[in-house]
Amino acid sequence: MPPSVETAVREAMRGDPRALLVAGWNRAPTYLMAARIALDAGRPCLAVFPSVDAASAFARAAAGAGFAPVLVHGDLPPAARRSAWESLRSARGMLVIGTRAAVFAPVADPVLAIVDDEDNSGHKEERAPRFVTRVVAEARTRETGVLIIGATTPPVATWAGVEAGRLRLVALPSPRPRIGVVDLRRRPDPGMPVSRPVLDAVRRVARSGGRALVLADRKGYAGGLHCAECGAVERCPQCSVALSYDRSGRRLSCRVCGFAMPAPNVCSRCGAARLHLLGAGTERLAAFFRRLAPRVWRLDADVAANVRDVTAVLAPFREQGGVLVATTLVVPWLEWLRPNLVAVVSADRWLHRPEFRAAERILSLLRTLSMASRARVLVETSDPNHPALLAAAAASLRPFYAEETALRRALDYPPFRSLVAVVVSARSAAVADAVIARLAADAAPPTEVLGPSPVPGAAAGRVERRLVLKVADRSAARSLLWPLVTGAAAPSQVKVVVDVDPIEL
């Protein structure tokens, strides 16, 4: 461990500054060292992780290093969770480890709060009060504590804190990502679900007895049907989202509301008989590779509902080798699996999602895939010069952060504005439209309004409308939204959900 790490932790304890960004791979030793220094002050420490597996692994590491940690997470039996929670009320020099709810642990005046893998969606509570772990941790350590943020690839907004001097960077030595790009613009056979370079690489690994991981962005057989004549995609008549294709019954179904229909033979827009499968899900990819390799496994939410199901799929793949077709459900297991090759199929669907964080998220995913597996990562794309792909294999991320920060500044996205999503639900479209329109009209500059727009998949008998506010001043947003939240500005049948810092737009 570089000497500068310990120096940074000790200086943070003295308030210079009080927040650190630990960037890189294998962050646990740094956390343990920081906890040991902090606990010398006789005050409690919090370490919060995005998943039960990650929290449990760190608790085992802490116990092995001589700590006596208290582990708190939702998978504990109710009695054990209640007992652990009660034991914290009188605790002083104690290390509390857990998932996001642990950030509220009833310990007085924590000297240190660690938030690991901070850009993981596991740190955002999607039910009321919809908190973000980092925001609560910042509040609990603002006066006399130290905040440590950990990430393999820091989000753009976090990096802006380093540039502004609010965070001190602790860069850990990490393996250089090994990432190769497959240019789909030169793909000779567009009818195959994978490119020839990916097919050849996977086949070589499987034939040699190795482990090849094929990563898809979706489960199921295909993303749906699209028309080669007019470009239309078959959509749900209730939700307007693209319908997924089910091969077994040649049906199209909506994963939001459950609508289903037989797969048509002609385009519903232009009538042309030129419908083709849109993309490849895990089911289609697994069927394709089973024709080429004797041992093929599949991992997605349809075949693995819990940890036991996941290990039932992954254990034989790890022992016997072959091909594993999976969604990102596999990512936390990569260090244990150690595949010899990772192939990311059709990365364009990640790159070009209608979400301002799309670039940083695919960058983080690719770097994590490479560092965790220590394998070469092949990425299929029709946009090989995309900044995120160029940055993924680069020695420095600073050019990417500079370009992305400039773009967000120009478009008023975080960290330069805060985002607040508001969803209004009512029994009639007229009422929902009236309430959301009044809110949009009351939003005065410099607050910017995106929307309103319909929300697909509303509950039966309800209509939902959504808008997003870009706010420069959160207190102004609070004044604007408070009458809606309390019901003073909406009929009794109307339900309003306010989500500050939403994960998805």
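The values are calculated or read from the model by the stated rules, or taken from the named source; none is laboratory data. As the structure is a computational prediction, the values presented were derived from the model and not from experiment. Cβ coordinates were reconstructed from backbone atoms using ideal geometry, including for glycine residues, and neighbour counts include every protein chain displayed.
Structure data summary
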| item | result |
| --- | --- |
| Failed criterion for ALA139 (all others in (1) assigned to a loop (DSSP other than H, G, I, E, B); (2) free of Cβ contacts under 8 Å to residues at least 12 places away in the same chain; (3) over 29 Å from PRO175 (Cβ atoms) hold) | (1) |
| Hits in region 8-31 (condition: surrounded by fewer than 21 Cβ atoms within 10 Å (Cβ to Cβ), under 13 Å from ALA171 (Cβ atoms) and among the basic types (Lys, Arg)) | none |
| Region 158-181, subset assigned to a loop (DSSP other than H, G, I, E, B) and in contact with a Lys or Arg (Cβ under 7 Å, 6 or more places away or on another chain), residue farthest from VAL198 (Cα to Cα) | LEU172 |
| Some residue of region 428-448 being within 28 Å of the chain's Cα centre (by Cα) and hydroxyl-bearing (Ser, Thr, Tyr) | yes |
| Matching residues in region 352-376 - criterion: being more than 10 Å from ALA392 (Cα to Cα) and of a type in the set (A, V, I, L, M, F, W, C) | PHE356, ALA358, ALA359, LEU369, MET371, ALA372, ALA375 |
| Hits in region 471-493 (condition: farther than 30 Å from ARG408 by Cβ and either outside any loop (DSSP other than H, G, I, E, B) or under 29 Å from the mean Cα position of the chain (by Cα) (or both)) | PRO483, THR486 |
| Per-region count, region 50-96, residues without any contact (Cβ under 8 Å) to a residue 40 or more places away in the chain and either touching a Ser or Thr at 6+ places or on another chain (Cβ under 6 Å) or assigned to a helix (DSSP H, G or I) (or both) | 19 |
| Members of region 345-369 that are of a type in the set (A, V, I, L, M) and buried (at least 18 other Cβ atoms within 10 Å of the Cβ) | VAL345, ALA347, LEU351, ALA359, ILE362, LEU363, LEU365, LEU366, LEU369 |
| Extreme residue, nearest to ALA293 (Cα to Cα), among residues of region 317-353 that are among the charged types (D, E, K, R) and in contact (Cβ under 8 Å) with a residue 40 or more places away in the chain | ARG318 |
| Hey, LEU334 more than 29 Å from ARG185 (Cα to Cα), among the hydrophobic types (A, V, I, L, M, F, W, C), under 23 Å from the mean Cα position of the chain (by Cα) and outside the structural domain of TRP25 (by TED's automatic domain parsing) or not | yes |
| Lone qualifier among VAL463, VAL485, VAL494 - being within 21 Å of VAL135 (Cβ to Cβ) and either surrounded by fewer than 18 Cβ atoms within 10 Å (Cβ to Cβ) or at pLDDT 85 or above (or both) | VAL485 |
| Checking ARG284 against (1) in contact with a Pro (Cβ under 6 Å, 6 or more places away or on another chain); (2) in a helix (DSSP H, G or I); (3) closer than 30 Å to PHE400 by Cβ, the condition it does not meet | (3) |
| Selection within region 68-93 - within 21 Å of THR30 (Cβ to Cβ) and either modelled with pLDDT under 90 or surrounded by fewer than 19 Cβ atoms within 10 Å (Cβ to Cβ) (or both) | ALA68, GLY93 |
| Search result, residues across region 420-436 that are assigned to a helix (DSSP H, G or I) and touching a helix residue (DSSP H, G or I) at 6+ places or on another chain (Cβ under 9 Å) | VAL435 |
| Test result for LEU439, assigned to a helix (DSSP H, G or I), more than 30 Å from PRO155 (Cα to Cα) and in contact (Cβ under 8 Å) with a residue 60 or more places away in the chain | no |
| Candidates VAL194, VAL205 - the one that is β-branched (Val, Ile, Thr), over 28 Å from the mean Cα position of the chain (by Cα) and either at pLDDT 90 or above or not assigned by TED's automatic domain parsing to the domain that holds ARG349 (or both) | VAL205 |
| Any hit, region 161-175, residues being modelled with pLDDT of 90 or more, within 30 Å of GLY279 (Cβ to Cβ) and surrounded by 14 or more Cβ atoms within 10 Å (Cβ to Cβ) | no |
| Region 28-49, residues that are modelled with pLDDT of 95 or more and in a loop (DSSP other than H, G, I, E, B) | PHE49 |
| Any hit, region 309-316, residues being closer than 27 Å to ALA347 by Cα, surrounded by fewer than 20 Cβ atoms within 10 Å (Cβ to Cβ), touching a residue at least 24 places away in the same chain (Cβ under 8 Å) and not aromatic (Phe, Trp, Tyr) | no |
| Among the candidates VAL496, VAL468, residue that is aliphatic (A, V, I, L, M), under 13 Å from LEU439 (Cα atoms), part of a strand (DSSP E or B) and touching a helix residue (DSSP H, G or I) at 6+ places or on another chain (Cβ under 6 Å) | VAL496 |
| Tally of residues being exposed (fewer than 14 other Cβ atoms within 10 Å of the Cβ) and either closer than 19 Å to HIS226 by Cβ or out of contact with any helix residue (DSSP H, G or I) (no Cβ under 9 Å at 6 or more places or on another chain) (or both) across region 275-308 | 5 |
| Residue check, ASP217 of a type in the set (Asp, Glu) and crowded, with 18+ Cβ neighbours inside 10 Å | yes |
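Rundown of residues vs (1) among the hydroxyl-bearing types (Ser, Thr, Tyr); (2) under 22 Å from VAL500 (Cβ atoms); (3) touching a residue at least 12 places away in the same chain (Cβ under 8 Å), yes/no style:
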residue	(1), (2), (3)
PRO384	no, no, yes
ALA392	no, no, yes
ALA395	no, no, yes
ARG417	no, yes, yes
VAL423	no, yes, yes
ALA432	no, yes, yes
THR447	yes, yes, yes
ARG466	no, yes, yes
